[in-house]
Structures are given as C-alpha cells and as structure tokens.
Protein chains: 2
Amino acid sequence: MKNKKHPKKIYLNENEMPRAWYNIMADMKNKPLPPLHPATKKPVGPEDLAPLFPMELIKQEVSTEKFIEIPEEVLEIYKIWRPSPLIRAYGLEKALDTPAKIYYKYEGVSPAGSHKPNTAVPQAYYNYKEGVKKITTETGAGQWGSALSYATQLFGIELQVFMVKVSYHQKPYRKTMMRLWNADVVPSPSPLTEVGRKILEEDPENPGSLGIAISEAVEMAVKDPHTKYALGSVLNHVLLHQTVIGLEAKKQMEKVDAYPDVIIGCFGGGSNFAGISFPFLEDKLLKDQKMRVIAVEPESCPKLTRGQFRYDFGDSVGMTPLIPMFTLGHTFMPPSIHAGGLRYHGAGAIVSQLLKDDIIEASAVHQNESFQAGRLFAQAEGIIPAPESTHAIAQTIREALQAKEEGLEKTILFNLSGHGHLDLGAYEQFLEGKTQDYSVTDEQISKNLKVLDHMQIPKI
Amino acid sequence: MKNKKHPKKIYLNENEMPRAWYNIMADMKNKPLPPLHPATKKPVGPEDLAPLFPMELIKQEVSTEKFIEIPEEVLEIYKIWRPSPLIRAYGLEKALDTPAKIYYKYEGVSPAGSHKPNTAVPQAYYNYKEGVKKITTETGAGQWGSALSYATQLFGIELQVFMVKVSYHQKPYRKTMMRLWNADVVPSPSPLTEVGRKILEEDPENPGSLGIAISEAVEMAVKDPHTKYALGSVLNHVLLHQTVIGLEAKKQMEKVDAYPDVIIGCFGGGSNFAGISFPFLEDKLLKDQKMRVIAVEPESCPKLTRGQFRYDFGDSVGMTPLIPMFTLGHTFMPPSIHAGGLRYHGAGAIVSQLLKDDIIEASAVHQNESFQAGRLFAQAEGIIPAPESTHAIAQTIREALQAKEEGLEKTILFNLSGHGHLDLGAYEQFLEGKTQDYSVTDEQISKNLKVLDHMQIPKI
C-alpha cells in the first residue's frame, strides 16, 4: 500500500461547519441576465414568483449578498449527515497508477443518498416559517422527491409528489422511500389536476413526462394560497444551498494542506456542480487562482458542449419564466440513459454565464465509459456510485491518466453526488452489455433550437 | 430542538482505531464446550477443519488469547469505512419523548452496507496469505455474499457464490453487487457440484435452500486443495473480527463521558450482536459492571427465548461439526420474514454459553413491530435500517419507553448493523399492510428438537 501523509477520510467537527452559504453572484463581473416573463418578455418580479415560492427563497433567488446565513434549525438538521467526508481516493490512484492526488466529497451519506437534501431542508424550513402547509413537486426517477419527502416530514408539511408514471411503475423503490417519509406520491398524469385529467381523457395510457409532472405540481400550488411548489435544481437559490458542499471541502483540504488544480462535477441542472465548485471559484474570480473547473454531461444530452446560450423555458412544456441558459431547446428529448438526473435540456443561469465567460469548462462522456468508471470505482474505493456521479468519475479518470502521461502530480477534486444502491438494475444492464452509447446529431439540436426562433423567444 | 452537550456524530481518528480484536473467550469463566465431529462425536481438531479454512482462522477459532492483532493490511482496508460513526439518536429520543440517552453505532457505511465486511476482509486476507486462490461460500439474500465479494476482489482471490435460487431470482440486486465485485454467482442448486446435480436431476425446479447452498460450497472447497470455504457468522473467529465495532464504540462513548446501561443487538447467528457487546461485556465479566445486554431475535425464529441449549449441526442438512448452541433444531424452517439474516435455527457457541450463564439476555419481536420501529427511525434519524436491524431498534424503543415510564435517564446503545436500501420492497409490503406476524407453536419446536434425539446427538 501507498505511504500516506494524511488519513483516508478527512472529517470536520460539527462546530467547524459553514454557518453561511456562499453566493457567487456577489463576485461575478458579468451577472446573469434576469429571467423574463414568457408573455411580456419583461424581467419577472417577486410578485410573479410569490404564488410558487416563499418570500425568503425569492429574495435569495435575486440576492447579490456574498454570504447568506444558514438558519440554526437547518444547521441542526444538516448535522444528521453533515459535515460529509472528504475522501482521498488512494484505491483509485493505485488502480490507475497515477501521480495525481485524487479527492472526492461524498454526498451519498445523506438520508436520501445524494446532495439533494442540502437544499430540500432549507426549502422546507423557509416554507414552514412562512406558514405553508403543503408543498407540491415533480420527480422523475425519485431522487429529488425522496429528498423533499424527508425534509417536509421533519417540519410537518404535507407533500404531494407527481412522479412520472413510467418511473412510478419501473422504479418503485424511490416511491417506497417517499412513502416512508409520509409523502403522497401519485403517478403523473394524475386525476388530481386539470392538466392531468385532460391528458388522461385523451390518452388513459399516457406514460407521463417531467414536463407534465411540473405542470401538475405548479397547477396545484397556484390554486391554493397555503400550498407552494419546490424545485430541486437549476434555480439560483438551489445552487446557493448546495455551496455547503464546497465550503466544507475547502476547509477539509486546508487541513491536509491541499488545494485542487482541477474540480469536477457531473451536470444535470447544475446544483451538485455548483455546490462543489463555487466556493473554490471565488479564488479564481477574485484572486486569479489557476484552476480548471469542469462540468461533465452525458454525450446524449450535451447542452454545455453543443447547446446554444440563449433564453429558454426551464420546463419542457413552456410554463416557467424564460431563463438565460445553455440549452438544447426545451423540446429536446434526451435518449433514455440510466443517469436520469442528467437528462435535462438546459443549464442554470449562473453556470451558463460562467461557461459563457470561460471561467468554467465542460466535457461530455458516453454512457459505457461512465459505467466502466463506476465499476472501477466500486472495486477500488468500495462505494457504488449513482449513474449520474459516474460521469464525474469518468472525467476524473481521464484527467488522472493524462497526469500520468505528463508526469504531473496534479490534485483533482470531484463531487461524488450520490450512491447507486437504488440503481443496481442499471449496473446489471451494463454488466450484461446492454447499455448503449447514444449520440445526438447536429440536426436534432438545431431542429429543437429552431422551435425557439419560431416562438420568437429573445436571443442574447 | 434539544440542547446538546456533545455532537450528533462521534468520530474517531484513524489513528485511534483498535489495533487488536478482543477475544472474550479469555475472560469467560465457563468456556464454551468444544465442537464435536458428527461421526465420532469426539472434539474436532485443526486437521478436521484444514480442508475448509486457512490455518490462521482455525487458530483463532480455538484461541484463548485475550487480544489478537489486526494485520496492518486489514487495518488499511478497514479505513475505507472505519471507524464507523457513533451517533446520538436525538431525533428518536425526541420522537419518543424519553429521558433515555440513545446511541447507535452505524455499520451501514461499509461497502456492502452492513457489518459483514468487518470479517470478510480479514478472512480474505488470511486466505490470501496462505496462498488460497479461490473461495466458495453460500448466501441467502446476499448480504454475506456481497461483503465477501468486495473483500476477495481486493486480494485477487476468485470467489464462487452459491446463492439460494429463489433469492437469486427474487432479489437480483445483491447479485449485481456481487458481480460488480467480480464474484461468480450461481443459483443453487447448481450443476457445478455433485450435490447440486443430484438435486436438479430429481427436481429441476427445486427453489434451493441455505442448507443446499452450504453443501455445494463445502463440496467444491473440499475437492480442491487451493480452494477454501468461508462463513459469515456463528463461528468464533467471525465474532472475534466483529469486536472492532464494540471496541470503537467504547472509545467513542468515553469521548462524551458516557457508558451504556443497556446494549442491544439483533440476533441471527450472533456476529453483529457479539461485535457491539463483547468489548463492553469484558467489564461485566471482570469488573462486575452493572449492565444489561440484550440479543433480539424475531418471534418467528425464537432459538434464544424458546430453544434448547444442546449440541446441534450448524447447517440445516447436517454436514458441519456439532456445536453447543441454543437451537430450534437444524431441521426447523422459519417462516419467510423479510429479515432473512435472522432466519437461522441456532446461535454461536460463545453467545449460547453467555446466555446459559445469564450474562446476557434475549427477547423476541414480531415482524410488524420491527417495521414500525424501522419507519419511525427513518423519519426521526434519516437512515432507513435493514429489516434485521429494525429488531434492535424495536427493543431500544421498548427500553426507552420503559425509561420514560420509570422516569429513568438510562443510556442505551444499539448496533445499527446495516442500511435497508436494498430492502425497500419489504418496506413497501409493510406500508401496504401485507407483512405478517408469524408465531411458532411449542409443537413445531419440540418436533424439530426430537429429531436430534432420534439422531442420538449428545445432550449437554
């Protein structure tokens, strides 16, 4: 075994936990453009969002304060799984025979098994503080739905989850997890909303989609003043809450006198990527620290590497405000890869602006490369990663092998956003050689982007 | 929230890890009786076990040395998930409104998600050191098989797992986990052994049983001098390795000036129970420390509370040495509860002797009480426990509610032996009201014990 200068796992004490989230907006030279109202094409104001979110979250959404205090009640709940460990990947380094030093932050220790509870808990808390009795949300494979279920039951808030019908039936275990945490989970389209009833009338066998589920959740929230809606990625306040990951990681790396040359996160809507990287990016923005920060997306949903920077809807049916984002067009339907959390057409506004300004970079990985990385990681490090997280591992391996070729002792940090205990069916497909590498043609992308032109959505 | 004197989670540094396992045999006034050869009824010697186990494990099996050093290589691997956290159950205490202080040691952080890797790793290591190229084992639902798969691939040892056929098909995800860790998993009965071929010839649809799987694994090991066999519970050396749990817990409780009045572990063959309790029992055996230690079994498999203390086979087909144990008879077939790891007819020799001598006690819990405890725990503490572990939680809740009734501030420590991420199907059954409370009649027990009389197996 390798001679070690420091421990395998680096913990913080609970009294060393960050007491405020880091808001990167404060340090960005070019702030993201404002979201626009889809009808008026004018910037949306707080009053437009008030039917959906509690006022504190709306404030955070537009805040340019550098630090936003974490409420004491949220900190107490964070202690159930935070601070999460920072782990030196000695096993992976050995397997790759690389001079690179690899670290990962492990968010799979949370109740729902991913980084999602980092924002679910404060979102539930602020709703609770403002007297909200019920929250609605949508979920695909169930990661976000289970995180929010955990959080809402802690505050005695009722939760209605609209789960995409095909996932509801194909992936029953996340549904069970939500039910254990008291959520009411229905397959979407459902008879609970007008949107749902209309779709079911036309096609009782409709398999559902994330777009339909969002429509149902939003409709239910808007119709009742005591009911709000919650989202698990993309929005600024969601990314803000996730910075607790990077803030901890920074302190943990300090403890072993390390600093990353490369930071890597997988990319769906941007929340775990922002979580690990933003607190380090502060040093790049303010102190010109040399550092590469890489967002890793699937080749089958390449909005960062092949999409366009322009206004687009956050959802796939066109109900939300228009967000300035790298997008494949909200009508783009990504192939059915197992990393469901990365199948999203666009990127959050802040991350899009950072990419536009060359402060971060992006790369894309095929499905089989990501599962190969996941298997190697499970063998070398003992943790079976979520299919989403394997994208970050795959990029880490690329960087580590390049370091070996160049004989460079660079330090790599990546975010292991979740465990894959509920994704073993996907790994079985991979072991059986049944996972495909899907490619997207330029025609597919331009066809979907043209839809935006036809809709006269403003360009940037 | 409750005012806290110490943190939610108590960690040890890696340099505070125990460097030796604790062998309770050294401190027992009444040592367990020796295992007997089933044919000669004479105590078995090392030469009888040599075809199955490496010599170092055979030595540990009969050792009365108080401490047995943990090899450096094993310690390095332990660091992948150890020291495991000791957690103060503030959430559960609040939910129960109890004056009791509840602590739990969480073993679900290991690669396979339970305490099993604590012994799988040293077992693989000692085999590796003695040049063993291949190991065989049996597994039911797959907890042990997955732990051993993880361990053997670290040392480049081939692993053949015989998985009970009905579980192989009903619970495919543990199989996937084993395959990710390079094990060859076959449904048992299999065509790989004489035993298997004979059974398949008579009944190609035979669903298999743990007894058949053991027979296959043992046959394959005995026939090849480079192949050994490994067992995940019951035997003394297995319990020995698990004491790393209690040794850590003892140091962790010292850090917050606490000491348990009651220690609780669920009980299948005895390994997680021994792991948490033996290092504390040292104080009871040597210093007359007042402390209750409770082994919790399912009502549907009540060997400790309603079985007989006598010699019996370790397996259900009668191939192993005779072990002095509390048993329901090796022919006893427990009802199909979801806590598969607790469906075992007997108890290990050391634990049986301790129960016989009133040093420990036992209790039994019905299936629905255990799942109710599991649900409450998931809500209050954020961790979904394995169905086996919920038995320890149910007993903890009983004790905490009694403390409340009596107004006593007692300190309870239990072992949370594993997570339930691969058992959500069982929780779904519970939420649907489909889990049954199985009772065992006195007639069933005495009928199976009479088989032992007929076989002229020596009484104690």
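The values are calculated or read from the model by the stated rules, or taken from the named source; none is laboratory data. Computed from a predicted structure; not experimentally measured. Cβ atoms come from the backbone with ideal geometry, glycine included; neighbour counts cover every protein chain shown. Please note that ligands, DNA and RNA were not included when accessible areas were found on the heavy atoms of the full protein model with its side chains. Shrake-Rupley method; radii C 1.70, N 1.55, O 1.52, S 1.80 Å.
Here are A:ALA362, A:ALA403, A:ALA373: which of them is touching a Ser or Thr at 6+ places or on another chain (Cβ under 6 Å), under 23 Å from A:PHE309 (Cα atoms) and either part of a helix (DSSP H, G or I) or in contact (Cβ under 8 Å) with a residue 40 or more places away in the chain (or both)?
When all the criteria are applied, what remains is A:ALA362.
Which is open to solvent by 10 Å² or more (accessible area, probe 1.4 Å), of a type in the set (S, T, N, Q) and within 14 Å of chain B (Cβ to nearest Cβ), of A:GLN367, A:GLN353, A:GLN379, A:GLN308?
Numbers: A:GLN367 fails: within 14 Å of chain B (Cβ to nearest Cβ); A:GLN353 fails: within 14 Å of chain B (Cβ to nearest Cβ); A:GLN308 fails: within 14 Å of chain B (Cβ to nearest Cβ).
After ruling out the rest, the residue left standing is A:GLN379.
The one condition from (1) away from every other protein chain (no Cβ under 13 Å); (2) under 25 Å from the mean Cα position of the chain (by Cα); (3) within 18 Å of A:ILE102 (Cβ to Cβ) that A:LYS404 does not meet is (2). Would you say A:TYR90 is under 20 Å from A:GLY270 (Cα atoms), within 12 Å of chain B (Cβ to nearest Cβ) and surrounded by fewer than 24 Cβ atoms within 10 Å (Cβ to Cβ)? Spelling it out, it is not the case that A:TYR90 is under 20 Å from A:GLY270 (Cα atoms), within 12 Å of chain B (Cβ to nearest Cβ) and surrounded by fewer than 24 Cβ atoms within 10 Å (Cβ to Cβ).
For the residues A:SER149, A:SER215, the requirement of being more than 14 Å from chain B (Cβ to nearest Cβ) and surrounded by 22 or more Cβ atoms within 10 Å (Cβ to Cβ) singles out A:SER215.
The one condition from (1) over 19 Å from B:TYR427 (Cβ atoms); (2) within 14 Å of chain B (Cβ to nearest Cβ) that A:THR137 does not meet is (2). Of the set (1) open to solvent by 20 Å² or more (accessible area, probe 1.4 Å); (2) at pLDDT 95 or above; (3) β-branched (Val, Ile, Thr), all apply to B:ILE10 but (1).
Looking at A:PRO83, A:PRO71, A:PRO51 in this structure, which one is more than 14 Å from every other protein chain (Cβ to nearest Cβ) and open to solvent by less than 60 Å² (accessible area, probe 1.4 Å)?
Values: A:PRO83 fails: more than 14 Å from every other protein chain (Cβ to nearest Cβ); A:PRO71 fails: more than 14 Å from every other protein chain (Cβ to nearest Cβ).
When all the criteria are applied, what remains is A:PRO51.
If I filter the range A:119-126 for residues that are open to solvent by 30 Å² or more (accessible area, probe 1.4 Å) and either outside any strand (DSSP E or B) or free of Cβ contacts under 8 Å to residues at least 40 places away in the same chain (or both), do I get at least one hit? Looking for residues that are open to solvent by 30 Å² or more (accessible area, probe 1.4 Å) and either outside any strand (DSSP E or B) or free of Cβ contacts under 8 Å to residues at least 40 places away in the same chain (or both), one finds none in the range A:119-126, hence no.
Taken together, the criteria place B:LYS8 among residues that are charged (D, E, K, R), under 23 Å from B:VAL244 (Cβ atoms) and within 14 Å of chain A (Cβ to nearest Cβ). Taking the conditions (1) without any contact (Cβ under 8 Å) to a residue 40 or more places away in the chain; (2) open to solvent by 10 Å² or more (accessible area, probe 1.4 Å) in turn, B:GLU138 satisfies each one other than (1). Residue-level check: of (1) under 19 Å from the mean Cα position of the chain (by Cα); (2) not in a helix (DSSP H, G or I), B:LEU148 misses just (2).
Residues are listed down the side, and each one gets a yes or a no for (1) surrounded by 14 or more Cβ atoms within 10 Å (Cβ to Cβ); (2) in contact with a helix residue (DSSP H, G or I) (Cβ under 9 Å, 6 or more places away or on another chain); (3) more than 11 Å from chain A (Cβ to nearest Cβ); (4) part of a helix (DSSP H, G or I):
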| site | (1), (2), (3), (4) |
| --- | --- |
| B:ALA394 | yes, yes, yes, yes |
| B:GLU409 | no, yes, yes, no |
| B:ASN415 | yes, yes, yes, no |
| B:GLU428 | yes, yes, no, yes |
| B:VAL440 | yes, yes, yes, no |
| B:LEU452 | yes, no, yes, yes |
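When the range A:93-112 is filtered for residues that are assigned to a helix (DSSP H, G or I) and either open to solvent by less than 10 Å² (accessible area, probe 1.4 Å) or within 9 Å of another protein chain (Cβ to nearest Cβ) (or both), only A:GLU93 remains. Taken over the range B:113-127, residues that are within 14 Å of chain A (Cβ to nearest Cβ) and under 16 Å from B:ALA50 (Cα atoms) amount to 1.
Would you confirm, using the coordinates I've provided, whether B:LYS41 is surrounded by fewer than 19 Cβ atoms within 10 Å (Cβ to Cβ) and either in contact with a helix residue (DSSP H, G or I) (Cβ under 7 Å, 6 or more places away or on another chain) or among the hydrophobic types (A, V, I, L, M, F, W, C) (or both)? Even if it seems obvious, please write down each step before you answer.
Values: surrounded by fewer than 19 Cβ atoms within 10 Å (Cβ to Cβ): yes; either in contact with a helix residue (DSSP H, G or I) (Cβ under 7 Å, 6 or more places away or on another chain) or among the hydrophobic types (A, V, I, L, M, F, W, C) (or both): no.
So B:LYS41 does not fit the description; no.
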